[in-house]
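Report on the structure given below.
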Amino acid sequence: MASFSVEDFVGNGVLKDLLPTLLEEGWDDVPTLKVMNSEDMDAIKMTQQQKEAVEIRTYLHDRSLMQYGDRLESSGKCLPELLSLSVEDLTAQFHMKRGHIARFKDRNSSCADPLIKKSDAPSPSTSIKRTYQSNSSKRMQSMRSRTFQDKKIEEALSDFKIEEGYVFKGIVAAEPAGHRACACVQPPPIVDKVAPYSAIENISIQKLTPEYKIGMERLVKTKTPPMKASALWQNKPAIILCIRRPGAEAHQLYTRKPVFDALGFQLFAVIHEHIESEVKDFWPRYWGGTVIFDHGRGFFKALGGGKLMKDKFLSGFLFNPRAIANYKRAKAMGVKQNFNGEGEIKGGLFILGTAKSGIAYQFIERNFGDWAPLSEVINICTKLQSQSQVPGSSIETSQ
């Protein structure tokens with residue numbers, strides 16, 4: 001499984017003894033570790049065997065096949081040699097399942113959102129590159145040539161740039177909610193306006209986990225005191241992911257952490273019920289960032305215009321082809337599906353500028369399992385980042 005725990009990523013092979021060095025040099029989270037280049041590896045004196053192990057594990061992590069990491073690494077073969085093995089050899093030598101072999105052999109597959117099209121990709125602006133160079137830490141500055149999800153950081157930014165004339169989905173789901181059960185069941189109504197900033201700034205929240213780093217406890221035992229939500233983005237813009245149930249969407253967003261780091265954005269996952277076992281399963285396996293508990297469900301009410309957006313399992317899932325398709329998409333990624341706790345309250349996503357600059361973008365989960373299009377999220381973040389550099393430029397926000 002594609003865990004965001006660094007210990008799970010390096011496994012029990014040749015990289016295990018390198019953990020103290022990785023921590024000291026700032027390679028302390030999985031998304032960043034995966035974009036190391038050969039220059040970075042030489043700087044911390046990696047052996048050829050360790051370099052090949054990073055390549056193998058990055059490839060496996062992209063395909064949610066980390067359970068085979070130790071076996072493949074211990075074979076002594078490099079990634080090209082492993083990919084050239086036959087189905088029979090992979091089964092016999094590494095006990096790899098047939099379905100996993102298909103995912104392993106497909107060099108174009110990864111945990112990328114299948115709704116993202118490569119055609120949405122003009123070249124990145126120089127302002128992004130400047131920010132990438134100036135605002136990033138020492139570890140980020142050295143990521144010029146290594147790939148991020150099989151692409152360079154610059155190319156990753158480019159791939160999510162939106163073409164001129166694109167109509168933002170924004171408030172609504174990636175696809176409209178259609179009639180259900182042969183038009184016998186109507187989808188619940190939605191609010192098609194961005195929430196006012198006043199609806200979220202004073203929400204009382206509690207941090208359940210920090211951002212995950214090497215050697216950190218898997219679950220924070222000391223609860224932090226309640227705080228106002230506005231403190232999260234007081235000094236730095238933020239993406240607030242409101243999760244109906246922890247799972248694939250959060251994992252998908254967090255894989256782009258180096259891109260959001262480069263753009264200067266924080267990532268927060270918000271949950272509306274605190275089941276400790278669920279948080280432990282979720283963090284840092286599917287999400288290595290901060291997890292927030294919204295006890296009063298303020299963020300979720302803001303998404304629905306002041307009321308919680310809810311849908312029944314029967315009408316919202318079983319009779320909804322879109323929701324079923326979303327479920328199959330998440331399952332294909334290899335992410336464990338979660339059916340524990342409250343599952344009728346729908347989530348969404350906010351992008352907020354620094355301090356009181358307002359809500360720049362809002363997405364709601366109209367159908368169970370709808371995800372905010374990453375192209376839109378990154379495009380809005382890019383505009384906010386550019387706005388902070390160019391006096392007088394602005395994008396529309398909710399105040």
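The values are calculated or read from the model by the stated rules, or taken from the named source; none is laboratory data. The shown structure was predicted, so the numbers you read here are calculated from the model rather than taken from an experiment. Glycine gets a Cβ as well: all are built from the backbone with ideal geometry, and neighbour counts include every protein chain shown. What goes into the accessible areas is simple: the full protein's heavy atoms, side chains included, and nothing from ligands, DNA or RNA. Shrake-Rupley method; radii C 1.70, N 1.55, O 1.52, S 1.80 Å.
Summary table
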item	result
Per residue Cα convex hull volume in Å³ - calculated over the stretch 221-303	106
For HIS295, solvent-accessible area (1.4 Å; no DNA, RNA or ligand), Å²	140
Estimated inter-spin distance, GLN206 and ILE275, nm [label 7 Å along Cα→Cβ]	1.7
Calculated diffusion of the stretch 35-105, Stokes-Einstein form, Kirkwood radius summed over Cα pairs, 4 °C and 1.567 mPa s, µm²/s	102
Heavy atoms of MET66: accessible area, 1.4 Å probe, square angstrom to 10	20
Accessible surface, 1.4 Å probe, highest first, among residues ASP281, ASP89	ASP281, ASP89
Length added when fully stretched, HIS295-THR91, from 0.36 nm per residue minus Cα-Cα	68.7 nm
